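Asks: Questions regarding the structure given below will be posed in turn.
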Amino acid sequence: MNPGHKKLILVFTVLSLIFFFLGFFSPGSADIRPMNKLVFRDACFIFSFNTINILIMFAISLLGISPIFLFKFIFGMGAGWQSVGVSPWLYYAASLIHGLLEWIVCLIIFIFTIEHFQFLISFFMKKNNIAQIKKFYFKTCVRTIPLAVFILFIAALVEVYISNRLLIFLK
């Protein structure tokens, strides 16, 4: 692990906790949606939807605005229990694994955003050359993004086959 990543992970974790609890304690909606048993088609939809979202996040990371949307997503994680109609403790116990996997993908995007700007600043200050920047983007395209997509695939399966069924059972 890159030594600079420890600091970024700490900053992201603290900000995530702040936004999560802001969502958790936000006034909830009166709409409690019925909970249906999800199937493989739902996992495919969740995976596709989340993949499109993270690809957009990687793209807008180049502009530096992805953290806004990442923390909005984490705020939504905090508020998620309110629309299910179960105790927040039950909701988060059932959703912990897939929620943590989705949070890891958010962390990956956050780190990419910061590193992208570090590379650009270094390039303009003549500390990096174009070959180093190309290598960074190549690594992002062949390793980082596929890793994030794979994590989302696992998260979608866990959400459908573990979290959903636990919530139905506990409700």
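None of the figures in this text is laboratory data; all of them are computed from the coordinates on show. Because the structure is a prediction, the values reported are computed rather than measured. Heads up, the Cβs are rebuilt from the backbone with ideal geometry, glycines too, and the neighbour counts pull from every protein chain shown.
Asks: Using a/c under 1.5 as the rounded threshold, could you call region 1-66 rounded, prolate or oblate? The axes a ≥ b ≥ c are square roots of the C-alpha gyration tensor eigenvalues, and prolate needs a/b larger than b/c, oblate otherwise.
Replies: oblate
Asks: Roughly how tilted is helix 130-139, in degrees to the nearest 10 and between 0 and 90, from the longest Cα axis of the chain?
Replies: It works out to around 20 degrees.
Asks: If I stretch the segment between T13 and L170 completely, what's the gain in nm (0.36 nm per residue apart, minus their alpha carbon distance), one decimal?
Replies: Working it through step by step, the gained length comes to 53.6 nm.
Asks: Evaluate the distance, in nm, between pseudo-label points positioned 7 Å from the Cα of I97 and of Q118 along their respective Cα→Cβ axes.
Replies: 3.3 nm
Asks: Now for a separate question. In degrees from 0 to 90, rounded to the nearest 10, what is the angle of the helix 66-79 Cα long axis to the longest principal axis of the chain?
Replies: The angle comes out near 20 degrees.
Asks: So, one more: Pulled fully out, how much extra length does the chain show between L90 and K139, if you take 0.36 nm times their separation in residues and subtract their Cα-Cα distance?
Replies: Between L90 and K139, full extension yields an extra 13.7 nm.
Asks: How large are Rg and Dmax for region 15-171 when calculated on the C-alpha trace, in angstrom?
Replies: Spelled out, the Cα radius of gyration and Dmax of region 15-171 are 17.9, 59 Å.
Asks: In whole Å, what is the distance between the alpha-carbon centres of region 47-61 and region 1-26?
Replies: Between the Cα centre of region 47-61 and that of region 1-26, the gap is 20 Å.
Asks: Which lysines have a Cα less than 23 Å from the Cα of K37, not counting those fewer than 8 places away in the same chain?
Replies: Within reach: K171.
Asks: Related question: Find out how many positive minus negative residues lie around V160, taking Lys and Arg as positive, Asp and Glu as negative, among other residues whose Cβ is under 13 Å from that of V160.
Replies: So the environment of V160 carries a net charge of +1.
Asks: Given a cut-off of under 8 Å on Cα pairs at least six residues apart, what relative contact order in percent is computed for the chain?
Replies: It comes to 36 percent, rounded to a whole number.
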